[in-house]
Amino acid sequence: MTPLTSPLVRRPLRLHIPTDPNPSRLMRPLAAALAISALALLPVPSVPPAAPVLTPPMGWNSWNHFACDVSDSLIRGTADAMVLSGMRDAGYRYVVIDDCWQVARAADGTIVADSARFPHGIRALADYVHSKGLLFGIYTDAGTKTCQGRPGTLGHEVQDARTYAGWGVDYVKEDWCNAGGLDAPTQYRMFRDALRATGRPIVLSICEWGSNQPWEWAPQVGNLWRTTDDIADSWGSMLGNLDQSAQHASVAGPGHWNDPDMLEVGNGGMTDAEYRAHMSLWAIQAAPLIAGNDLRTMSDSTRTILTNAEVIAVDQDSLGAQGYLVWTDGPSLQVWARKLSGGARAVALLNRADTAARITAWFSRTGIRADSARVRDLWLHQDIGTFRGQYADTVPAHAVRMLRLTPVSSR
Ligand code: GLA
């Protein structure tokens with residue numbers, strides 16, 4: 001077995017600006033140019049995002065299941081289902097319409113919603129969502145057009161932010177299609193400032209797929225930022241996004257979160273065991289929990305997975321520390337651990353292989369400072385017992401055991 005070293009610590013970028021007191025004439029323009037480009041790289045003063053989000057946002061988004069098939073009745077029905085299913089009470093709050101709600105701009109530049117699909121307008125829809133004790137989110141794109149070719153926000157940042165605030169929007173996901181030649185930090189900062197200027201606390205979800213190193217600048221700009229390409233409803237895609245997002249764990253914390261993309265739980269491409277693993281690993285990663293299934297028709301088993309209060313409590317832990325891979329045996333048998341407030345650890349024994357296997361969690365590897373720990377299974381909702389030094393069990397293929405380890409102080 002291969003123990004992993006502790007998480008990577010990000011090193012600040014060192015800039016070397018020539019300081020020769022007598023630079024030759026030829027060197028002066030070069031030194032000046034270097035100094036200017038170095039200044040451009042210096043950190044800008046930190047302005048917080050428009051809304052504080054102390055724990056990872058939870059909600060629902062239309063894209064994974066419905067793509068462009070969005071409508072007033074879908075959003076109202078989803079808000080109803082969020083309440084009736086117990087998801088609201090489990091912590092899910094934001095109901096977000098993704099791409100395709102918008103069709104044009106009016107003569108004065110105001111963004112126009114599809115009046116056939118949203119006959120009552122967006123303001124009335126937001127009011128309905130709010131009347132259910134939920135929050136309302138919408139989608140735009142920093143470029144000229146959205147990924148589905150609808151009008152983007154480029155050149156309309158202030159106008160769109162005002163429109164959204166006027167509609168009662170609480171959350172905006174800003175995508176990055178058709179943004180060739182633009183600088184991502186600049187565009188997202190511009191939109192953050194436009195949202196802040198409205199005076200309404202609006203969550204900014206940055207969606208440039210990790211293509212401009214958002215972990216280096218997005219914590220001061222948005223509340224969450226995508227670290228990966230779009231998730232697909234498959235075991236391989238889910239694990240790929242986990243591995244990519246895990247590389248930036250040290251950057252996450254209260255108010256600013258890595259986003260490995262929305263949940264696929266309940267969409268049919270994975271088994272329930274795989275969906276339990278998906279949910280568990282998103283919780284270990286302090287990932288936003290944005291459901292992406294049809295809440296109106298979901299099965300009891302899907303609802304049970306999405307509303308597991310003990311797993312959600314891990315995701316929403318107030319310390320806000322993203323978990324890490326702490327042990328791996330080859331590429332398939334892994335132990336992931338997340339530090340929780342109060343000294344406990346959430347631990348996922350992950351079996352990525354096609355056959356069942358025994359996986360051991362050594363307590364010292366999870367960071368626990370005690371010889372013994374109480375072990376609780378967060379899917380069985382059972383205390384398993386108190387163990388010394390380690391806990392080991394057989395994990396079925398493509399599954400996790402999701403545990404909470406509470407250190408027991410030695411007497
Ligand atoms: C991009 C985003 C997705 C979704 C679509 C909509 O692919 O990454 O999450 O918003 O655009 O077109």
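Structure notes:
- Each residue in segment 223-243 was checked for being away from the ligand (no atom under 14 Å from the Cβ) and either without any contact (Cβ under 8 Å) to a residue 40 or more places away in the chain or outside any helix (DSSP H, G or I) (or both), and 5 of them qualify.
- Scanning segment 250-261 for residues that are farther than 17 Å from Ile284 by Cβ and within 10 Å of the chain's Cα centre (by Cα) turns up just one, His256.
- Among residues of segment 244-261 that are assigned to a strand (DSSP E or B), those with a Cβ under 9 angstrom from a residue that is basic (Lys, Arg), sequence gap 6+ or separate chain, pair up as Asn258/Arg226; Asp259/Arg226.
- Filtered residue count, segment 166-185, keeping only those that are part of a helix (DSSP H, G or I) and either closer than 16 Å to Cys207 by Cβ or among the acidic types (Asp, Glu) (or both): 2
- Residue within segment 281-288 that is within 15 Å of the ligand (Cβ to nearest atom), of a type in the set (Gly, Ala, Ser) and in contact with an Asp or Glu (Cβ under 7 Å, 6 or more places away or on another chain) present: yes
- Total residues in segment 83-129 satisfying the condition of being closer than 21 Å to Thr307 by Cα and part of a helix (DSSP H, G or I): the figure is 7.
- Contacts under 9 angstrom Cβ, first residue in segment 63-86 being in the same structural domain as Cys147 (by TED's automatic domain parsing) and free of Cβ contacts under 8 Å to residues at least 40 places away in the same chain, partner β-branched (Val, Ile, Thr) and surrounded by 15 or more Cβ atoms within 10 Å (Cβ to Cβ), 6 or more apart: Leu74/Ile97
- Test: Gly210 is without any contact (Cβ under 8 Å) to a residue 24 or more places away in the chain and either charged (D, E, K, R) or within 16 Å of the ligand (Cβ to nearest atom) (or both): no
- Residue in segment 87-108 that is within 30 Å of Val314 (Cα to Cα) and surrounded by fewer than 16 Cβ atoms within 10 Å (Cβ to Cβ) present: yes
- Of all residues in segment 288-302, those that are exposed (fewer than 13 other Cβ atoms within 10 Å of the Cβ) and either of a type in the set (Val, Ile, Thr) or in a strand (DSSP E or B) (or both) total 1.
The values are calculated or read from the model by the stated rules, or taken from the named source; none is laboratory data. This is a predicted model, so every value here is computed, not measured. Every residue, glycine as well, gets a Cβ built from its backbone with ideal geometry; the counts of neighbours run over all protein chains shown.
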